[in-house]
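Contents: one structure, followed by commentary.
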Amino acid sequence: MTSVLANESLPGILDGLDAGIDVPAILEQSRAIAGWYPIGPHSFPQPVWARRPYEQTAAEAWEQVRHRVRSKRARDPVSVYIHVPFCQRRCGFCDLNATSLPESKRHVAEAFCRTLSSEIELWGRQSPLDRCPVSTVHFGGGTPGHLGTSVLRRIVSACRRRLTTSAKTEWALESTSRLLTARHLADLRDMGFTRLH
């Protein structure tokens, strides 16, 4: 695999940086790792469904999930992960399932909120999940805060309404420093978030 330096894109990327940034040191470090660390362009691995056909129909897969859920004891705590695949812009280092969501496409965030809230409702009806205490609700992504406070608040409300959260439930969120204004942090705190990644 070629490195960024070997295909000569790194010097172009570094042109025009602030005087305080040590460009020669960056280039020297890039040369030092180029032989053993592949830093060239990369792509997402193909998802399982693209590599081979599903082994089960959707109905069979859902029944298997329901069977596993029903075998859980109602007193066993569960953790909930909510993936929000949207960001203001896609970072070059990110290899997660995420895409930029410009302001002109805010209707996509609204549609995502409606669909996700419906899914939370469906999961919350599954016995005994409807009685299992939720220890953690973690919003990852992407950048969940990029949905906007009102959309994020509606998703949190759907979780509180349908899942067995309590004062002991930890609410966590992944973010970027661009969003962390005093107002945004206050809104997150008001929604119950206690951990920021």
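A protection proxy built from the mean count of other Cβ atoms within 10 Å ranks the segments 76-87, 120-131, most packed first, as 76-87, 120-131.
Its Cα centre serving as origin, segment 91-197 has a Cβ charge dipole (Lys and Arg +1, Asp and Glu -1) of approximately 320 debye.
We did not get these values from a lab; they are worked out from the coordinates using the rules stated. Since this is a predicted model, take the numbers as computed values, not measurements. Neighbour counts are summed over all protein chains in view; Cβ atoms, including those assigned to glycine, are modelled from backbone coordinates with ideal geometry.
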